[in-house]
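See below for the structure under consideration.
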Amino acid sequence: MVMDMISSTSLVPVSELLSQTVIATFDTVHAAKEVLIQKENFQKFSTYLEKIKFILKELLGLNLDISKSLENAVEILNREIKVAKQLTLECRTRSKVYLLISCRNVVKVLEGSTKEIGRALTLIPLAALDVSLGLKDQVSQLSKDMLNAEYRVAAMEEDILAKIQLGIEERNADRSYANNLLDHISKAVGISTEQSELKKELEELKREREDAMMSNGLADATQMEQVISLLEKADATCPEEKEKEYFRKRNSLGSRKPLEPLQSFYCPITLAVMVDPVETSSCRTFERSAIEKWYAEGNNLCPLTMIPVNTSVLKPNKTLQQSIEEWKNRNTIITIASIKPILQASEEQQMLKSLCKLQDICIEKELHRDWVTMEGYIPVLIGLLNAKNREIRMKVLFILFMLAKDSEDNKERIAKVDKALESIVHSLARQIGESKLALQLLLELSRSIVVRDSIGTVQGYVLLLVAILGSDDNEAAKDAEELLENLSVLDQNVILMAKASHFKPLIRLLSSGSENVRMIMAETLSEIELTDHNKLSIFEDGALSALLQLLSNGDLQMKKVAVKALLHLSSLPQNGLRMIREGAVGPLFELLYRHSLSSPTLREQVAATIMHLAISTTLQEADQEQVFLLESEEDIFKLFSLVSLTGPDIQKSILITFHAMCQSASGFDIRMKLRQLSAVQVLVQLCEVNNHTVRTNAVKLFHCLAEDGDDRTFLEHVGQRCIETLLRIIETSNDEEEIASAMGIISNLPKETQLNQWLVDTGAIQTIFTCLTDGTKNTLRNRQVIENAVGALCRFTVSTNQEWQKRVAEAGIIPVLVQLLASGTASTRQTAAISMKQFSESSSSLSRPMKKHGIFHCCLATSETACPVHLGICTVESSFCILEANALEPLIRMLGESNPGSCEASLDAILTLIDSERQGGSEVLAEANAILPIIKLLSSSSDRLLEKTLIALGRIFQLEQLKQKYGTSAQMPLVEIAQKKNSHLKSLAAKVLAQLNELGQQSSYFG
């Protein structure tokens, strides 16, 4: 840099010169603050000038006497400030790279001006001037500071200058070195790393060089020429110029065959071509590593001349090294040019051998890869990806990877070849070794912004990458994840990834993208098919909070996409519970209750989402903190009231919502509040609607409310018309769940005579029989139909109304009940046993007495046999005898069940066969092997069952033979009851023990 010294021999008065200096100081301070390089140094200089400006202004206010000393001081000040101003102006206008490589000179000039200004301050005759002592001290201190001032080049700049010098001296810096250097320069001077910007800076540096040559600045021009030669190896330079230079060199080669190395290229010790030749003090050249080893072994003689040498002197033989490099480069260029035709042939082994050679050349040096690219290898290599030979494809993928890694241009060249990316993706789907090479190549290509767009158009690439992401190969999985991350800059790629079950990029955009992008991502979540695992992981990765933000947004369209996505994701119970915990309920209900909402579909989706949340509350783990959808009576009323104000779709969702809540942990309270809100009345009406879905869900909720409701509520709203409707549903519906619910309602209705009579008159018994005997289905729902039908039947088998019992018997239902004692569900068996007990209670009064016969009766065949229990003629249809119905055996089997309810029901039925007046029943039980199962019931934990068992044994042990046979088995359980149970059971047990004549012997047990 040439900084022209501006001298002044002005003849203007000192006061005017002083005034000009003040103005120049002000301008220089302002200009220095805008310099973008050497900021700290210029800031320091500006601080000095600010103080100078103050001093000069003070001097201007004085009536100065002209003196030679003062005049010299002012002239020096004026001159040096103008020099500094010129420096600052040049630093604002010249090339940033030029300023960087000239930074030492800039600092030198700045420091010189500072010291000169400090010297000028010492020339001011302060003693002769009428100035304050404070000003004198200030000038003195400032002068001292400026004379001692030092400016330094920043460490980063010194490092860059050192790299530049090393690159120039070594003369073998490659593109990687130049790229790295240019990257450091861009950071130091604050320019963009975009290729276009770097190229622009180099062009400016070239213009600086031309200007320097025209102004005879040969030293500057030479330095810039060296720097430009070094930086032109970087990618930012013009590739066309590089290519021209390569072909000029290639075409200048005389022979197209590799040359043998000159004898001087060989190391006398290793006999191999040297890589780092060094000259010893004997003026002989050796490979550095070889001669160093020679010296390390204690030799101090030259290996060739055997004369003593200075072992500390090893001088790089730059000339020879350059000659070797030129020889190697010549042969490499020839080899590269000769391989290409071979690869375009069809002989596989020759092709594979040439690819190995080409791979070695590419590995050896970055410059060689430049030459391979310039020779037009990329299209040829891409074509070989379709070769049948796997080794050929793998070699090609590795070479392409090396080329792609070198530059953005190479990445684009590869992507532009027809079907190149498709071929690489095809390799991605092949065996593991080839797949990993293809993955590494695609990852490298994806680092180019331009190529990313092209990769996204290749069909199937996302599925393959996601599959690799889940593989056991950690390295491949990591590369796949990085590649997917690179490709996720495009929204369309993110959508494809989500469809392939890779959701992280989508969730990130859903959380932090623009409003439009967030809506697109939410829409995607609502439309793609998701597994339960997908839905769970989407929420776990943070999608819920993002969707709730969209839901709370004031824009209706954003609310719509949020609701649609939440509807899709809330179908998984875990997600539904999480939505409730994180506050989704409030915004959803706010939308549902907004009657002015112009979008019916949105309200329907909101209602369906709330339905999912309600269902989720039924599936909570017992050890979890329980969450509830609705708790207050007001909220329940508000939601249920919509059933009468909305269309079928919302009605259906609300009915399912309440049905789910009725089965949740707070179900009892919900059912009670619904009954208090006259929900039964609404449901009775909905049972008659034509919409099948609404009717079905109304019936299901009605059934739920009927299970533990009070009689008054149902007697008030359930009339004959409702009963007819329920029976019609049972008879005509094809929905087993609806049939089961309707039958469940009938089963749970109050056992009121008028209701029962309406049921009988409307044909309920026949309908029940049909349900019980429909053997075409054996599904879970059909079993529920049977269970509820048996429950409904109980109301007609009570012994207080033998007319109803006869209707049931005549319908042929008793044999069906006996069959269900053996094959029904636990609940069905229990209810069937209750019905059999109720039937059996009427058997004694309905059993027809035996006719008395005359003296000749013994000569006639007996046509009828008396029932051993009822001592008369019994039939299933006339007396409902459980012996005739063959019900005893399944009832006895039920005594061994684990369910106390089933045991109790079967025991109740068996107890109808024995009483204190009839001994035949006990004998029948003994013959049927029922006594021991009854005794085993003494170990039951149910006090009710124990009580009935003790009563049964009290009756059974009235027979001496049974007491003798089974008394011992009952003794110890009876004693244990007499010791540990309540007083009532103790009393019963004591009575039985007394029957067994054991009370006196065991009196010690009772204390």
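For this structure, a couple of remarks:
- Of interest is the spacing of the C-alpha centroids, which for region 185-224 and region 530-549 amounts to 54 Å.
- Built amide H within the under 5 Å cut-off of Ile873, gap 5+: Arg848, Met850, Cys867
- Nearest-ten-degree value, helix 195-214 long axis tilted from longest Cα axis of the chain: 0 degrees
- For region 487-550, the fraction of 1.4 Å probe accessible surface lying on carbon and sulfur atoms is 49 percent.
- Rounded percent of accessible protein surface that carbon and sulfur make up, region 617-767, 1.4 Å probe: 43 percent
- Cross-link pairs beyond the 29 Å C-alpha cut-off, checked among Lys419/Lys478; Lys199/Lys419; Lys163/Lys357; Lys249/Lys419; Lys564/Lys652: Lys199/Lys419; Lys163/Lys357; Lys249/Lys419
- Between 0 and 90°, nearest 10: helix 155-170 axis offset from the chain longest Cα axis: 70 degrees
- Listed cross-link partners Lys365/Lys411; Lys57/Lys108; Lys200/Lys328; Lys108/Lys187; Lys560/Lys700 are compared with a 26 Å cut-off, the Cα-Cα value being larger for Lys57/Lys108; Lys200/Lys328; Lys560/Lys700.
- Cα long-axis angle, helix 68-93 against the chain (0 to 90 degrees, to the nearest 10): 50 degrees
- Among the GluC sites (Glu not before Pro) within region 520-566, those in coil by DSSP and having at most 16 neighbouring Cβ atoms inside 10 Å are Glu529.
- Candidate aspartates and glutamates - alpha carbon under 15 Å from Lys436, same-chain residues fewer than 8 apart omitted: Glu391, Glu444, Asp472, Asp473, Glu475, Asp479, Glu481, Glu482
- Gyration tensor verdict on region 408-511 (Cα atoms; rounded if a/c is under 1.5, prolate if a/b is larger than b/c, oblate otherwise): oblate
- Cβ-Cβ distance of Lys986 and Phe628, R₀ of 41 Å, FRET efficiency by 1/(1 + (r/R0)^6): the value works out to about 0.35.
- Ranked by how many other beta carbons lie within 10 Å on average, peptides 447-455, 882-890, 608-616 from highest: 608-616, 882-890, 447-455
- Surface per residue (accessible, 1.4 Å probe) for the chain, Å²: 48 Å²
- Think of it as helices only: each DSSP H run of n ≥ 4 in the chain is worth -39500 (n - 2.57), and spread over all residues that comes to -21000 deg cm²/dmol at 222 nm.
- Distance from the Cα centroid of region 712-730 to that of region 874-902 is 32 Å (rounded to whole angstrom).
- Sulfur and carbon atoms: percent of accessible area, region 141-286 [1.4 Å]: 50 percent
The values are calculated or read from the model by the stated rules, or taken from the named source; none is laboratory data. In this text, all values refer to a predicted model and were calculated from it rather than measured experimentally. Here Cβ is always computed from backbone atoms with ideal geometry, including for glycine, and neighbour counts include all displayed protein chains. The protein model used for the area step is the full one, side chains on, heavy atoms only, and it has no ligands, DNA or RNA in it. Shrake-Rupley method; radii C 1.70, N 1.55, O 1.52, S 1.80 Å.
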